[in-house]
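The values are calculated or read from the model by the stated rules, or taken from the named source; none is laboratory data. Only a predicted model underlies this, so the values are computations on that prediction, with no experimental measurement involved. Glycine gets a Cβ as well: all are built from the backbone with ideal geometry, and neighbour counts include every protein chain shown.
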Amino acid sequence: MPTIELKVSEGVYNLWQAFLKTPPARKLIEERLLGDWAAQAFMAQAGRFLKEGLPDLEQDADPAKEREKEAAAARKNLTKMQKRVLPMFNENENQTLAEISRLLGLDRNQAENLLQEWLEIEFLGRGPMRDGEQTYVLTRKWMERNLSANRPSLNAPRNASLLDSYRPPTR
């Protein structure tokens with residue numbers, strides 16, 4: 001098998017050595033594909049590298065972990081009531097005022113005020129009508145954060161398709 005020798009900086013060499021210890025790298029080595037994949041990936045991106053320069057490997061190391069950290073920090077900043085409501089959306093994407101007020105033990109006026117606050121801070125959005133009553137949905141950002149917290153193994157939140165097609169009425 002032909003060999004390609006490359007001269008790289010100490011930092012890139014250290015990152016490469018760390019990468020070689022990861023499960024994906026081990027799998028590629030076992031299948032005897034690592035060299036081919038690395039060379040083909042470089043060749044496919046060579047034009048971009050010439051135009052933009054060397055990629056910042058520290059920054060690009062793992063965007064999924066960065067999103068996960070950001071989501072965890074955001075969930076920690078939720079109020080107790082928001083934390084109590086969040087699991088409701090795992091079972092049903094659309095929740096009514098009555099359902100939310102029942103869960104929180106609030107009367108209708110208190111729940112309306114709370115929902116108005118949550119709409120303003122974009123924790124919830126207006127959903128479609130159900131049986132003549134307005135429903136509420138998690139905003140795209142919170143749906144992704146909630147799903148990544150409950151399904152970390154998926155590492156990719158489902159699409160918030162409901163929010164794509166639904167446009168709230170303008171006042």
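Only a single criterion out of (1) surrounded by 10 or more Cβ atoms within 10 Å (Cβ to Cβ); (2) in contact with a helix residue (DSSP H, G or I) (Cβ under 9 Å, 6 or more places away or on another chain) is not satisfied by M1, namely (1). Kindly list the number of the only condition in (1) surrounded by 11 or more Cβ atoms within 10 Å (Cβ to Cβ); (2) in a helix (DSSP H, G or I) that fails for L106. Among (1) surrounded by 11 or more Cβ atoms within 10 Å (Cβ to Cβ); (2) in a helix (DSSP H, G or I), the lone unmet condition for L106 is (2). Which residues, counting only those in the range 111-125, are in contact with a Leu (Cβ under 8 Å, 6 or more places away or on another chain) and either aliphatic (A, V, I, L, M) or more than 26 Å from E68 (Cα to Cα) (or both)? Hits for the range 111-125 are A111, E112, L114, L115, L124.
Residues of the range 118-128 being exposed (fewer than 14 other Cβ atoms within 10 Å of the Cβ) and either in a helix (DSSP H, G or I) or not assigned by TED's automatic domain parsing to the domain that holds R75 (or both), which ones?
E120
Closer than 27 Å to M129 by Cα and modelled with pLDDT under 85: does that describe E99? Considered against the rule, which asks whether it is closer than 27 Å to M129 by Cα and modelled with pLDDT under 85, E99 comes out as no.
Residues checked against (1) loosely packed, with under 13 Cβ neighbours inside 10 Å; (2) not in a helix (DSSP H, G or I):
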| residue | (1), (2) |
| --- | --- |
| E5 | yes, yes |
| V8 | yes, yes |
| N14 | yes, no |
| A41 | yes, no |
| K65 | yes, no |
| E99 | no, no |
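Contact map, the range 21-40: first residue within 20 Å of E5 (Cα to Cα), second residue among the small types (G, A, S) and surrounded by 10 or more Cβ atoms within 10 Å (Cβ to Cβ), Cβ cut-off under 7 Å, separation 6 or more or different chains; pairs are L34/A25. Of the residues L57, L33, L15, the single one that is modelled with pLDDT under 85, touching a helix residue (DSSP H, G or I) at 6+ places or on another chain (Cβ under 6 Å) and of a type outside the set (S, T, N, Q) is L57.
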